[in-house]
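What follows is calculated from the coordinates using simple rules that are stated; it is not laboratory data. Remember, predicted model here, so these are calculated numbers, not experimental data. Here the Cβ positions follow ideal geometry from the backbone for every residue, glycine too, while neighbour counts run over all protein chains shown.
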Amino acid sequence: MCNLSEGIVDRVTERVTAEVIESVTKQRLIEDVRNLMISTGWSSDKAMDALRIPKELRDEIRMAVSR
């Protein structure tokens with residue numbers, strides 16, 4: 001493979017890896033929030049506070065937990 005195509009493959013691999021990691025991390029956070037809500041009876045906001053979930057992720061997680 002030439003250097004140009006190797007560079008393209010490397011960039012695509014990095015991008016896909018980052019997207020998969022982000023997706024898995026969000027799914028794990030959703031599961032953690034749900035489990036904490038079930039085990040404690042807390043609201044999603046209180047569970048996210050306890051888990052120190054960043055504010056920029058909270059709307060997305062709140063919507064996913066409510067499904």
Completion exercise
Tilt, helix 55-65 to longest principal axis of the chain (alpha-carbon atoms), in degrees rounded to tens, equals 70 degrees
Exercise for the section: Calculate how steeply helix 3-40 sits against the longest principal axis of the alpha-carbon atoms of the chain, using the helix alpha-carbon long axis, and give the answer as 0 to 90 degrees to the nearest 10. Expected result: 10 degrees
Handout entry: Zone of residue 56's modelled label, taken as backbone nitrogen in the stretch 8-27 under 15 Å from a point 7 Å along Cα→Cβ
Key = 19, 22-23, 26
Exercise for the section: For the chain, evaluate the Debye formula with one uniform point scatterer on each Cα (no solvent term) and list log10 I(q)/I(0) at q = 0.28 Å⁻¹, rounded to two decimals. Expected result: -1.16
Fill in the blank from the handout: Per the helix-only model, the chain has a calculated mean residue ellipticity at 222 nm (DSSP H runs of ≥4, -39500 (n - 2.57) each, divided over all residues, rounded to the nearest 500) of -28500 deg cm²/dmol
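What is the calculated FRET efficiency for residue 9 to residue 31, with r their C-beta to C-beta distance and R₀ = 25 Å, to the nearest 0.05?
Values: r = 33 Å, r/R0 = 1.30.
Efficiency, from the Cβ-Cβ distance: 0.15.
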